[in-house]
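This report refers to the structure that appears directly beneath it.
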Amino acid sequence: IDAKDSYTEGHSQRVADYSVKIYNKLGLSDEKELKALYTGCILHDIGKLAIPDDILKSKTHPLPEDQFNIIKSHPIRGFEICKDLINLKDALPVIRNHHESLNGQGYPDNLQGDDIPLIVQICTVSDIYDALTSNRSYRRANNKEEAIVIMRKDVQEGKISEYLLDILEKVL
């Protein structure tokens, strides 16, 4: 995944590391669930392998709607790649649903609230933070403080959990 897009090199590992720290800070200790979280985070963007490079590495922001819809297909593509691998069964919700929003306006399944498993919500918060604090083809990285301000707006819009964002801040 890292080889496909140099701008996201190390992203999946950082998302996994942040997520494990959040999980542990929550006082959770289910080894099977933790493994699903970690594995799901490592593979959450595997569907981007099926996205054309010219779209994935575009300097245009925002992308035209048709290209953005192709980008938005990566969770389903990732799910399709991994769904028949028995060892990844528990990680599939993270791979498929890491772009869901608590307010139901995410994708691909428009899940909302408690319909989004906790490990998916943890991955989502970690993914957003790392995306915001990493250079992208279309913008420079935000610093930690800038990223948290942006994420606080996501909380106000009902997209992510304020509690999980607070925990992320503590583990940073």
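Would you check which residues across the stretch 1-47 are small (Gly, Ala, Ser) and assigned to a loop (DSSP other than H, G, I, E, B) and list them? So that I can check it myself, show each step before the final result.
First, pick out the residues of the stretch 1-47 that are small (Gly, Ala, Ser): 3, 6, 10, 12, 16, 19, 27, 29, 36, 40, 47.
Once the filter is applied, which keeps residues that are small (Gly, Ala, Ser) and assigned to a loop (DSSP other than H, G, I, E, B), the stretch 1-47 yields 3, 10, 27, 29.
Might you check whether a residue that is free of Cβ contacts under 8 Å to residues at least 12 places away in the same chain, over 28 Å from residue 5 (Cα atoms) and surrounded by 15 or more Cβ atoms within 10 Å (Cβ to Cβ) occurs anywhere in the stretch 146-161?
For the stretch 146-161, residues free of Cβ contacts under 8 Å to residues at least 12 places away in the same chain, over 28 Å from residue 5 (Cα atoms) and surrounded by 15 or more Cβ atoms within 10 Å (Cβ to Cβ): present.
Can you tell me which of (1) surrounded by fewer than 13 Cβ atoms within 10 Å (Cβ to Cβ); (2) polar (S, T, N, Q); (3) farther than 19 Å from residue 125 by Cα is the one residue 110 doesn't meet?
Only one criterion in (1) surrounded by fewer than 13 Cβ atoms within 10 Å (Cβ to Cβ); (2) polar (S, T, N, Q); (3) farther than 19 Å from residue 125 by Cα is unmet by residue 110, namely (3).
Could you list all residues from the stretch 1-42 that are charged (D, E, K, R) and either open to solvent by less than 20 Å² (accessible area, probe 1.4 Å) or modelled with pLDDT of 95 or more (or both)? Reasoning before the result, please.
Start the filter on the stretch 1-42 by keeping residues that are charged (D, E, K, R), which leaves 2, 4-5, 9, 14, 17, 21, 25, 30-33, 35.
Result: 5, 14, 17, 21, 25, 30, 31, 32, 33, 35.
If I filter the stretch 56-69 down to residues being closer than 17 Å to residue 137 by Cα and assigned to a helix (DSSP H, G or I), which single residue comes out as most open to solvent (accessible area, probe 1.4 Å)?
If we filter the stretch 56-69 for residues that are closer than 17 Å to residue 137 by Cα, which is where we start, we get 56-64, 67-68.
Then drop every residue that is not assigned to a helix (DSSP H, G or I), which leaves 56, 67-68.
Working: 56: 25, 67: 51, 68: 92 Å².
The qualifying residue most open to solvent (accessible area, probe 1.4 Å) is 68.
The values are calculated or read from the model by the stated rules, or taken from the named source; none is laboratory data. Keep in mind the model is a prediction, meaning the values are calculated, not measured. No Cβ is skipped: glycine too gets one built from the backbone with ideal geometry, and neighbour counts run over all protein chains shown. Side chains included, ligands, DNA and RNA excluded: accessible areas come from the protein's heavy atoms. Shrake-Rupley method; radii C 1.70, N 1.55, O 1.52, S 1.80 Å.
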